[in-house]
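Here is the structure we will look at.
Each value in this text was obtained by applying a stated rule to the coordinates, not by laboratory testing. Keep in mind the model is a prediction, meaning the values are calculated, not measured. With ideal geometry, Cβ positions are generated from the backbone for all residues, glycine too; neighbour counts draw on all protein chains shown.
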There are 4 protein chains.
Amino acid sequence: MHIGILTGGGDCPGLNAVIRAVTLALINEGGARVTGIERGFLGLITRQVRPLDARAVEGILAQGGTLLGTHNRCDPFHYFGAGGADVSAQALAYARDELGLDGLVVIGGDGTMVIAHRFEQLGLPVVGVPKTIDNDLACTERTFGFDSAVAVVAEALDRLETTARSHGRVMIAETMGRYAGWIALEGGMAGGADVILLPEVPFDVDEVVRVCAAREAREGYTLVCIAEGAHARGQGLSVSATLADSPDPLRLGGVGPWLQHQLQPRLQSEVRTTLLGHVQRGGSPTPYDRVLATRFGYHAAQLVRQGRFGRMVTLRGEACDSVPLQAVAGQTRTVPADHPLLAAARGLGISLGEPALPPA
Amino acid sequence: MHIGILTGGGDCPGLNAVIRAVTLALINEGGARVTGIERGFLGLITRQVRPLDARAVEGILAQGGTLLGTHNRCDPFHYFGAGGADVSAQALAYARDELGLDGLVVIGGDGTMVIAHRFEQLGLPVVGVPKTIDNDLACTERTFGFDSAVAVVAEALDRLETTARSHGRVMIAETMGRYAGWIALEGGMAGGADVILLPEVPFDVDEVVRVCAAREAREGYTLVCIAEGAHARGQGLSVSATLADSPDPLRLGGVGPWLQHQLQPRLQSEVRTTLLGHVQRGGSPTPYDRVLATRFGYHAAQLVRQGRFGRMVTLRGEACDSVPLQAVAGQTRTVPADHPLLAAARGLGISLGEPALPPA
Amino acid sequence: MHIGILTGGGDCPGLNAVIRAVTLALINEGGARVTGIERGFLGLITRQVRPLDARAVEGILAQGGTLLGTHNRCDPFHYFGAGGADVSAQALAYARDELGLDGLVVIGGDGTMVIAHRFEQLGLPVVGVPKTIDNDLACTERTFGFDSAVAVVAEALDRLETTARSHGRVMIAETMGRYAGWIALEGGMAGGADVILLPEVPFDVDEVVRVCAAREAREGYTLVCIAEGAHARGQGLSVSATLADSPDPLRLGGVGPWLQHQLQPRLQSEVRTTLLGHVQRGGSPTPYDRVLATRFGYHAAQLVRQGRFGRMVTLRGEACDSVPLQAVAGQTRTVPADHPLLAAARGLGISLGEPALPPA
Amino acid sequence: MHIGILTGGGDCPGLNAVIRAVTLALINEGGARVTGIERGFLGLITRQVRPLDARAVEGILAQGGTLLGTHNRCDPFHYFGAGGADVSAQALAYARDELGLDGLVVIGGDGTMVIAHRFEQLGLPVVGVPKTIDNDLACTERTFGFDSAVAVVAEALDRLETTARSHGRVMIAETMGRYAGWIALEGGMAGGADVILLPEVPFDVDEVVRVCAAREAREGYTLVCIAEGAHARGQGLSVSATLADSPDPLRLGGVGPWLQHQLQPRLQSEVRTTLLGHVQRGGSPTPYDRVLATRFGYHAAQLVRQGRFGRMVTLRGEACDSVPLQAVAGQTRTVPADHPLLAAARGLGISLGEPALPPA
């Protein structure tokens, strides 16, 4: 048996742990030969591969990134390097006929799974391993990399808290999360944020001002954790009256700076913003993520050995399971309105920027 | 409503996060008055309490230990301070009549829950929050503090690995886990251990020697992660022939040093042992544990508000739930023989010290 | 003896360690009474003080920020709260006559030392402790907080490196350092940056492009560490021909984004920027900074006990010393052109953005 | 020019940073060819070497250990593999004649420098780079690895403090430092120890009991940081009357457990000991150590280029310098009695275990 592995999409702590687990398990339990495809699907086009064995994956468990490299935008069905042409047949021929792959383990997100599914339909057996730092893939409760991103956010809030407290400031930390607010929610809860703003819960600027002003008088400082995809009520497709004159968030460099621009004139404290940026997706995975990624990789190897292709590994509670590849396509797992962590936040007096209910 | 909180048993990262969440939620949502009992049940005997409010719990989320203090051995039903006499009536009178508590939130392990259950039966309504750094409490899949302990073990293994590799050594790290091997298992997997030895899987010294010798020849070094409660086949109540002459593990200062004593004469490499000790239970909780502890605390406050006393908070999959207090008594959740992480370890070629199967 | 302590200017890891050391040493060795002035010199105007004793400073050694609070802009000689009026006499009367202070320990930077010196001249004995996260104060080789900031930068570069390598990108990290490049220089060296750009060494955009392009072809990725005060040759007061049409760095949100804007069109790799921002000055001090801050605080207490007022603590090699307060005023200790770390960087092939010498 | 590099003695964070700096600087500035000798001087006997170039040292800056491997006990002048015979001529012939080395950069401690000096005298030009995690080498104020070890100790004390405080315990942490107490002193100061016991300052058990008892009554807990080489007055070569009946520290597994055995019967609190062990010398170097190691490596390369062999790199204040190789032989730089950090410790009320002065 000869199995290929590739990592697609943005990088994420834990990718190497998956590669290691898949490789070791396929070799130890399946007697397989394993080949790494470099730079995601691009390697199938540019013919960049490398053999993987126990020695090749030695010591990579704790390393961030992916030793195979990855590529954000490479889709063989619309190849940017050929003016958008479909070069999938060529990639397939290389993988199946030339390399002689009996199957492919694809580690990636939503978009990568769509491509993987199409290759599966063309006759290249595929097992998928979900990867999203945002934790927003359908069908799986957790994905590796997320805990590491949350840890970066929490540590940053720990640091910003000392500055906020010493100076009596409002500190805004903008996190990743364009469509789903998981990182801001868990990171904010873990870092002791006083205000947490998510894409799923449009916030009211007046309410954020009210919370900051109340804390200004009482505790003297406020920590705000805002997802990059959060938006004020009325801000977004349609623009509300109150926001019509305000600068566009994108022009200000993000919703964090935009919020600072809204808050500063209405507060006495200084307001400062930190964009956490790419540090959220780099670096060594947390021990939690190393274990989860290892389990995902081992489960993928089992699916391969059992010939259960066309499926993607998932986590349900404490157990690994799998779903058909196409089940995840085109869906984003956002924070549901009834998620217990939202209730916990509200219950602890952490503001989600929701307007207070009008008196009955 | 006037609610007391106490923390019992050994300390654990996340206790303060629970105290904070219970306090804030009871005040914000329940309009309750909250009182902290100091040093576990001892405070009910020595009458040491302090009021808890938003200010008192400000900034404690990320702090290790418990601001209320705790006590390992205080049982009012057999009070060490009174020659083992039962002083529970006095403690009850103080709590219920004098302080006027309508209920008590008790954060602790197995032993603490047994005491809590007895107070509940005497008429003091109790909600329990499970606490065990070893992750070995029945009825709940995860407990806070465990992730922090695993992180300490993994980081230590990361450090020991560089020394093992540079010197070509066998490095043994002994972790907590007298009856259950969760910490050694997850910590060892996260830290890249080559051999993981658990209380649940008696190990064969010959097999450990075989693995170390094979790695000596190939990779040049070996990382062993051993739970303090692990034991060799035959070692324990009955002593096998091969071990009869070997020194007692306890006399050598633990099973780690004992194993070193077994391995050293049979290997060329130097063998060294590190006892991770109390650093595993101290310090700031990981972000994961901060969120889990906050959720546990919030759920406990909800049970109090709903009048659902006599129950202990649990985690099932991603959801908090609860079970009757007595359900956890006297049980230890050890690593089951069919746990997927054991299979993953074996599949990746990590030795559990099990003897190789005899040829058919 | 009754001594006051205050912290002025921006916060910095280690302030609490100084406060603790000054307080404990004055009490233990000098039998002094110690009073903390809150929010820098502002507390002398708003009359906000608190007594400091062993209990008050217990456990603050490892905490970031300052438990006394600080204020960026409060100068009693030009008080912003009174339209710029001089309220120093009032502050002096409060400190000396009302509080009965025999001396004041002032922890702060250049600006704070100027104010401290003026109070000293008015008859309030002052000992200064240097504080600058940028390490750019005259007369002292190191200041506490700098090592912590360097550690944040290095850890961020460690994280960005995995992303840069996985994606084949140019990652730019913008650090603090408006006038002096110490943080970018040491942080960049510690984090393995390939290009380090400092205020003291104007960089040549063409040269940076050349380095990135060469690495694009060879290593595949580049890490750039740039101080916020770095600037291209010709950029700054006068604008060179090649830069005349480019957007203003400030309008783009800093020199990091500006550099990205310059590089992107001239490289094949994606270029991304991370602004490290306020996390550089928050959080727990590194052990190195805790020791240095403790030594500074102890030395300040000794100066007080010896009646050697009007002086600021300094570090020379491994020894604490002191200089007259006025010696530091108005000077910035920038990275000298002959600093050995610049030579080391060049020697290791790390680019400082200097144009290559023309062939003879 | 063809230069060899080897690392000798115990491993230490920063070795790889030195190897990288030496290699890059010799190649970039000297046009040299560089060869790594594996496992210390052993590689010169077993003929294990590898070429080093920019690619070989890519990404090793932040890695712990040494990619060349090391060996604790290999001395070619008394080779353990040849019954103590002198195989130096053979090693010399291999290095100079066969490999064609023009010089050797030797990174190691006291013992390694003695061997290096003998090779130098035999005609193999050597430049030494000092390495000691204990910071106890003569002629240099700081060595890389020490800051990393101090950071491990401080972090451990941070963790132990939460447990000590929560339980009201005396926690003893035993650190490295057989002859010199630098690690215990700086680590203890950085970690907030209440008692610091060093080899250089024999401690009085009664005094340690007195301090712990006083804290038991007041703060409720005590943190003790003790170097492995610390000893009680009278303990050691001669045994005092009061200690004559007590068990031997070595038999109890170190001076930490021995001290616990002394304290426990005389205190009400529980006393617990943690042996920090090998984690102190493993893992990624701190940013401080990465910069220092890089500077040492660069300076060594400069000495090579200048033909200044027979010298070892040193640090004086902020500047690198060098001394003759033989200057460091047989000396240990212990903490001098007048070191300012000892005075600072005493001044802050931290006990060094010295008996209180008798009343006049």
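Suppose the chain between D:GLU98 and D:ALA85 were pulled fully straight at 0.36 nm per residue; how much longer would it get relative to their current alpha carbon spacing?
Values: separation 13, 0.36 × 13 = 4.68 nm, distance 2.16 nm.
Length gained, D:GLU98 through D:ALA85: 2.5 nm.
What ranking of C:THR7, C:THR140 emerges when the number of other C-beta atoms within 10 Å of each C-beta is taken as an exposure proxy, fewest first?
Details: C:THR7 32, C:THR140 22.
Ranking C:THR7, C:THR140 by Cβ neighbours within 10 Å, fewest first, gives C:THR140, C:THR7.
Counting other beta carbons within 10 Å of each residue's own, what order do D:CYS320, B:CYS74 fall into, fewest first? Let's see the in-between values first.
Details: D:CYS320 20, B:CYS74 23.
The order, fewest Cβ neighbours first, is D:CYS320, B:CYS74.
For the protein assembly as shown, the antiparallel share of DSSP beta bridges with both residues in that region comes to about 30%. Overall size of the stretch B:147-280 from C-alpha positions, given as principal axis extents largest first: 37, 33, 22 Å. Residue order for B:ASP204, C:ASP53, D:ASP338, fewest other beta carbons within 10 angstrom first, comes to D:ASP338, C:ASP53, B:ASP204. The Cβ shell under 14 Å around B:ARG266 holds other residues with a net charge of -3, Lys and Arg each +1, Asp and Glu each -1.
Taken residue by residue and averaged, Cβ atoms of other chains lying within 10 Å of the Cβ of A:183-190 number 4.
Say R0 is 60 Å: what FRET efficiency, to the nearest 0.05, do A:ALA217 and B:GLU219 get from their beta-carbon distance? The partial results should precede the final answer.
On the way: r = 62 Å, r/R0 = 1.03.
With a Förster radius of 60 Å, E is 0.45.
With its label point put 7 Å out from Cα toward Cβ, C:GLU219 sits 2.8, 4.2, 4.5 nm from the same residue's point in the other copies, in order from shortest.
When you look at the Cβ of every residue in D:215-228, what mean number of other chain Cβ atoms sits within 10 Å? Walk me through the numbers before you get to the answer.
Details: counts 0, 0, 0, 2, 4, 2, 1, 0, 0, 0, 0, 0, 0, 0.
Partner-chain Cβ atoms within 10 Å, mean over residues of D:215-228: 1.
A:ARG266 label point (Cα plus 7 Å toward Cβ) to equivalent points in the other copies: 4.4, 6.5, 7.2 nm, shortest first. Comparing C:SER148, C:SER166, C:SER88 in a Gaussian network model of chain C where C-alpha atoms under 10 Å apart are linked, the largest mean-square fluctuation is found at C:SER166. With a cut-off of 10 Å between beta carbons, the residues surrounding A:ARG346 carry a summed charge of -2, where Lys and Arg count +1 and Asp and Glu -1. Applying the Karplus relation 6.51 cos²θ - 1.76 cosθ + 1.60 with θ = phi - 60° to the stretch C:154-164 yields 3J(HN,Hα) values of 5, 5, 4, 5, 4, 5, 5, 4, 5, 5, 4 Hz, where x marks Gly and Pro.
The relative contact order of chain D comes to 23 percent, based on Cα pairs under 8 Å that sit 6 or more residues apart.
Database remark: amide H of D:ILE172 closer than 5 angstrom to the amide H of D:VAL224, D:ARG272, D:THR273, D:THR274 (H placed geometrically; neighbours at sequence offset of 5 or more, or on other chains; Pro and chain starts carry no H).
Applying the Karplus relation 6.51 cos²θ - 1.76 cosθ + 1.60 with θ = phi - 60° to the stretch B:142-152 yields 3J(HN,Hα) values of 9, 10, 5, x, 5, 4, 5, 5, 4, 5, 5 Hz, where x marks Gly and Pro. Among B:ASP321, B:ASP86, B:ASP136, the largest mean-square fluctuation in a Gaussian network model of chain B, built with springs joining Cα atoms closer than 10 Å, belongs to B:ASP86.
Mean separation of Cα pairs under 8 Å and 6 or more residues apart, divided by the residue count, gives the stretch B:147-280 a relative contact order of 34 percent. Taking amide H atoms as placed 1.01 Å from N in the peptide plane, the amide H of B:THR314 lies under 5 Å from those of B:ASP321, B:SER322, B:VAL323, each 5 or more residues away in sequence or on another chain.
With all pairs of separate Cα atoms included, the protein assembly as shown yields a Kirkwood hydrodynamic radius of 33.2 Å. When shorter helices are ignored and each DSSP H run of at least 4 residues is given -39500 (n - 2.57), the per-residue value for the protein assembly as shown at 222 nm works out to -10500 deg cm²/dmol. For the options A:ALA56, A:ALA116, A:ALA193, a Gaussian network treatment of chain A with springs between C-alpha atoms closer than 10 Å singles out A:ALA56 as fluctuating the most. Across identical copies of the chain, D:GLY83 has label-point separations of 7.3, 8.1, 10.0 nm, listed in ascending order, with the point defined 7 angstrom from Cα along Cα→Cβ. Please give the helix D:205-218 orientation as an angle from the longest Cα principal axis of chain D, in degrees from 0 to 90, rounded to the nearest 10. For helix D:205-218, the angle is close to 70 degrees. Scalar couplings 3J(HN,Hα) for the stretch D:336-352, obtained by applying the Karplus form with A = 6.51, B = -1.76, C = 1.60 to θ = phi - 60°, are x, 4, 9, 5, x, 6, 5, 4, 4, 4, 4, x, 8, x, 7, 7, 9 Hz; x denotes Gly and Pro.
For peptide B:64-71, the mean count of partner chain Cβ atoms within 10 Å of a residue's Cβ comes to 5. Its Cα gyration tensor gives the stretch A:261-360 an equivalent ellipsoid; the semi-axes, largest first and in whole Å, are 40, 20, 14.
What percent antiparallel are the DSSP beta bridges of the stretch C:1-154, to the nearest 5? Let's see the in-between values first.
On the way: 5 of 19 bridges.
Looking only at bridges with both residues in the stretch C:1-154, the antiparallel portion is about 25 percent.
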